[in-house]
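Chemist: I am attaching a structure below and will ask some questions about it afterwards.
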Amino acid sequence: MSKPLELIVIGAGHRGADAYASYAFTHPGEVRFVGVAEPDPIRRRRFADDHDLDESQCFTSWEALLDKGQLGDAAIVTTQDQMHVEPAVAAMQAGYHVLLEKPMAHTLEGCIQLVQTAERTGRVLQICHVLRYSPFWRALHEVLAAGRLGDIITVEHRENVAYWHMAHSFVRGNWRNQALSSPMILAKCCHDLDILVWNLASPVRRLSSVGSLLHYRADQAGPEIPARCTDGCPIERECPFSAIGIYLDLRPFDYLAAEAAARGIDPEAPKVWPFTVLSHDVSRAGRLAALQTGPYGRCVYRCDNDVVDHQVVTMELESGPSVILVMHGHSNEEHRSMRYDGTRATLRARFGRASEITVHDHATGAVEQVPIPQPQGGHGGGDHGLMSDFLRVLRGEAEPLTSARASLESHLLAFAAEEARLAGTVVDMAAFRARAEALTRQFAG
């Protein structure tokens, strides 16, 4: 193999450092990192130590890093949603190919600008739609592509966000407020919409959407409930959203104790998501201090969240089938579930800690259990699968599984769904895409 490709990272948080850059630990012959931009000094130092970077390769801002000229072949951009466009555009203009965390951008205009820049500069812009690279989703796609179901008539796809994950990310966390991040249907479900686009291979003709924020609101709790779970809340022990229960007592995470030794996790100081988001100090004392002062200790009924906790998108494809996407934040278990009904068979599947795909034949009644290769790494193996594919594309060994232009379609559907939800209308997707093309011409000029 030729010498390792050299990459830089802009944003060394959980996704940049742990999900993607960790690929270098097990594949040092394929990639090495030669620069990092990260404003948090502890994260920046940790990344430097992990990848043997000296001070001259570490920067507090992406501007300072890119001002040094092109240091490597590609950039991984894993900043917060509202900070994707500027560093990704600047990196492509500086000569880097770019692997960009989803969603591409928090606005339609930003998505269009990214795609246009990639096409104008001739750079690879690959979006982190990691599910496409997971063994589960590849197996499901292969069943559909082989025509095993006959003509697909209707699809139901559910994104079941666990109650504690909803509270962590979309009530207390970085994606809680649309003005600070993006609509939840975009932030959480651009993955799901991308999978549907990939699997069904037919444009959406029209869509509608309903949804709202029903539960995580101030009017769902009485005046006796304090602002923080650590402030003597009278219902803390019985509240499923208790920050003490989630982050200190690990109530939703029984599996951690069983898997701790095999995964090298210390239950008393778990250096894994979501605990590493609270504080760099994941000891019990460190986590408690973070809950007493930081955003993750707030009562879920006393936060500044405004994104939905449930949303349904109904779509009609150009080829005729109907599709329903359900997203909600009240599941007992984190998983996706789906059903594809065709003229010859029905496919049922679930993707989570326990995953399975079954095909139920109409003519014979036989039930086939589809084998799923054992995944390695996060997102069911998708994180490292994505990195492997991106590097092969850069070496000229493969075509990308998805392009920036293809990734744009899932984002268009998310923005159209949010427009339909807010306006109570049915969105004609041809007209919506035409509006996007007008933006493309604007940025092209």
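Chemist: Have a look at LEU207, LEU193 and point out the one that is touching a residue at least 24 places away in the same chain (Cβ under 8 Å) and assigned to a helix (DSSP H, G or I). It would help to see each step written out before you state the result.
Modeler: Values: LEU207 fails: assigned to a helix (DSSP H, G or I).
The match here is LEU193.
Chemist: Has region 326-340 got any residue that is at pLDDT 95 or above, in contact with a strand residue (DSSP E or B) (Cβ under 7 Å, 6 or more places away or on another chain), of a type in the set (Val, Ile, Thr) and surrounded by fewer than 17 Cβ atoms within 10 Å (Cβ to Cβ)?
Modeler: no
Chemist: Which of the residues belonging to region 316-329 are over 18 Å from the mean Cα position of the chain (by Cα) and in a strand (DSSP E or B)? So that I can check it myself, show each step before the final result.
Modeler: The initial filter retains those residues of region 316-329 that are over 18 Å from the mean Cα position of the chain (by Cα), namely 316-324.
Matches in region 316-329: GLU316, LEU317, SER322, VAL323, ILE324.
Chemist: Which one of these is touching a helix residue (DSSP H, G or I) at 6+ places or on another chain (Cβ under 9 Å) and surrounded by fewer than 13 Cβ atoms within 10 Å (Cβ to Cβ): ARG237, ARG251, ARG205? Please lay out each step first, then the result.
Modeler: Details: ARG251 fails: surrounded by fewer than 13 Cβ atoms within 10 Å (Cβ to Cβ); ARG205 fails: surrounded by fewer than 13 Cβ atoms within 10 Å (Cβ to Cβ).
After ruling out the rest, the residue left standing is ARG237.
Chemist: Show the residue pairs meeting these rules: Cβ distance below 7 Å; 6+ apart or different chains; first residue within region 416-435 and assigned by TED's automatic domain parsing to the domain that holds LEU186 and in a helix (DSSP H, G or I); second residue charged (D, E, K, R) and surrounded by 16 or more Cβ atoms within 10 Å (Cβ to Cβ).
Modeler: Matching pairs, first to second residue: MET429/ARG206.
Chemist: Let me ask something else. So, ASP383, is that one of a type in the set (Asp, Glu) and out of contact with any helix residue (DSSP H, G or I) (no Cβ under 9 Å at 6 or more places or on another chain) or not? Can you show your working first?
Modeler: On the way: of a type in the set (Asp, Glu): yes; out of contact with any helix residue (DSSP H, G or I) (no Cβ under 9 Å at 6 or more places or on another chain): no.
For ASP383, the condition - of a type in the set (Asp, Glu) and out of contact with any helix residue (DSSP H, G or I) (no Cβ under 9 Å at 6 or more places or on another chain) - is not met.
Chemist: Within the set of pairs 6 or more residues apart or between chains, which connect a residue that is farther than 30 Å from LEU250 by Cβ and in contact (Cβ under 8 Å) with a residue 12 or more places away in the chain inside region 141-170 to a residue that is among the acidic types (Asp, Glu) and outside any helix (DSSP H, G or I) with Cβ atoms less than 7 Å apart?
Modeler: As it stands, the answer is ILE153/ASP341; THR154/ASP341, since those pairs meet every condition given.
Chemist: Condition first: under 21 Å from ALA414 (Cα atoms) and surrounded by fewer than 21 Cβ atoms within 10 Å (Cβ to Cβ). Now tell me which residues in region 52-80 satisfy that. So that I can check it myself, show each step before the final result.
Modeler: Initial filter on region 52-80 (under 21 Å from ALA414 (Cα atoms)): 78-80.
Matches in region 52-80: GLN80 only.
Chemist: Quick check: is even one residue across region 179-191 of a type in the set (Ser, Thr, Tyr), modelled with pLDDT under 95 and closer than 18 Å to LYS102 by Cβ?
Modeler: Applying the first criterion (of a type in the set (Ser, Thr, Tyr)) to region 179-191 yields 181-182.
With modelled with pLDDT under 95 added as a condition, the list becomes 181-182.
Still in the running and closer than 18 Å to LYS102 by Cβ: 181-182.
Yes; the residues of region 179-191 include at least one that is of a type in the set (Ser, Thr, Tyr), modelled with pLDDT under 95 and closer than 18 Å to LYS102 by Cβ.
Chemist: Filter region 431-443 for residues that are surrounded by 12 or more Cβ atoms within 10 Å (Cβ to Cβ) and hydrophobic (A, V, I, L, M, F, W, C); which is modelled with the highest pLDDT?
Modeler: Looking at the filtered set, the residue picked out is PHE432.
Chemist: Answer yes or no: is there a residue in region 169-185 that is surrounded by 22 or more Cβ atoms within 10 Å (Cβ to Cβ), outside the structural domain of SER202 (by TED's automatic domain parsing), within 15 Å of the chain's Cα centre (by Cα) and not in a helix (DSSP H, G or I).
Modeler: No, the conditions are met nowhere in region 169-185.
Chemist: Of these, VAL115, VAL98, which one is crowded, with 22+ Cβ neighbours inside 10 Å, under 18 Å from the mean Cα position of the chain (by Cα) and not basic (Lys, Arg)? Break it down stepwise before answering.
Modeler: Working: VAL115 fails: under 18 Å from the mean Cα position of the chain (by Cα).
Result: VAL98 is the single residue among VAL115, VAL98 that is crowded, with 22+ Cβ neighbours inside 10 Å, under 18 Å from the mean Cα position of the chain (by Cα) and not basic (Lys, Arg).
Chemist: Looking at (1) over 30 Å from CYS233 (Cα atoms); (2) assigned to a strand (DSSP E or B), can you tell me which one ALA354 breaks?
Modeler: The failed condition is (2).
Chemist: Return only the number of the condition from (1) surrounded by fewer than 17 Cβ atoms within 10 Å (Cβ to Cβ); (2) closer than 22 Å to ALA187 by Cα; (3) touching a Gly at 6+ places or on another chain (Cβ under 7 Å) that ARG344 does not satisfy.
Modeler: Of the numbered conditions (1) surrounded by fewer than 17 Cβ atoms within 10 Å (Cβ to Cβ); (2) closer than 22 Å to ALA187 by Cα; (3) touching a Gly at 6+ places or on another chain (Cβ under 7 Å), the odd one out for ARG344 is (2).
Chemist: Do you know which of the residues in region 400-416 that are within 18 Å of the chain's Cα centre (by Cα) and of a type in the set (A, V, I, L, M) is farthest from HIS106 (Cα to Cα)?
Modeler: Ranking the candidates gives LEU401 first.
Chemist: Okay, next question. Mind listing whichever residues of region 49-90 are touching a His at 6+ places or on another chain (Cβ under 7 Å) and closer than 20 Å to TYR23 by Cβ? Steps first, please.
Modeler: Restricting attention to region 49-90, the residues satisfying the condition of being touching a His at 6+ places or on another chain (Cβ under 7 Å) are 73-74, 77, 81-82.
If the condition is that a residue be touching a His at 6+ places or on another chain (Cβ under 7 Å) and closer than 20 Å to TYR23 by Cβ, then ASP73, ALA74, VAL77 are the ones that fit.
Chemist: Next up: One residue is enough: does region 353-363 have a residue meeting the conditions modelled with pLDDT of 95 or more, surrounded by fewer than 19 Cβ atoms within 10 Å (Cβ to Cβ), hydrophobic (A, V, I, L, M, F, W, C) and within 25 Å of the chain's Cα centre (by Cα)?
Modeler: No, region 353-363 has no match at all.
The values are calculated or read from the model by the stated rules, or taken from the named source; none is laboratory data. It should be emphasised that the depicted structure is a prediction, and the values quoted were computed from it without experimental measurement. Positions of Cβ are backbone-derived with ideal geometry, glycine not excepted, and every protein chain shown enters the neighbour counts.
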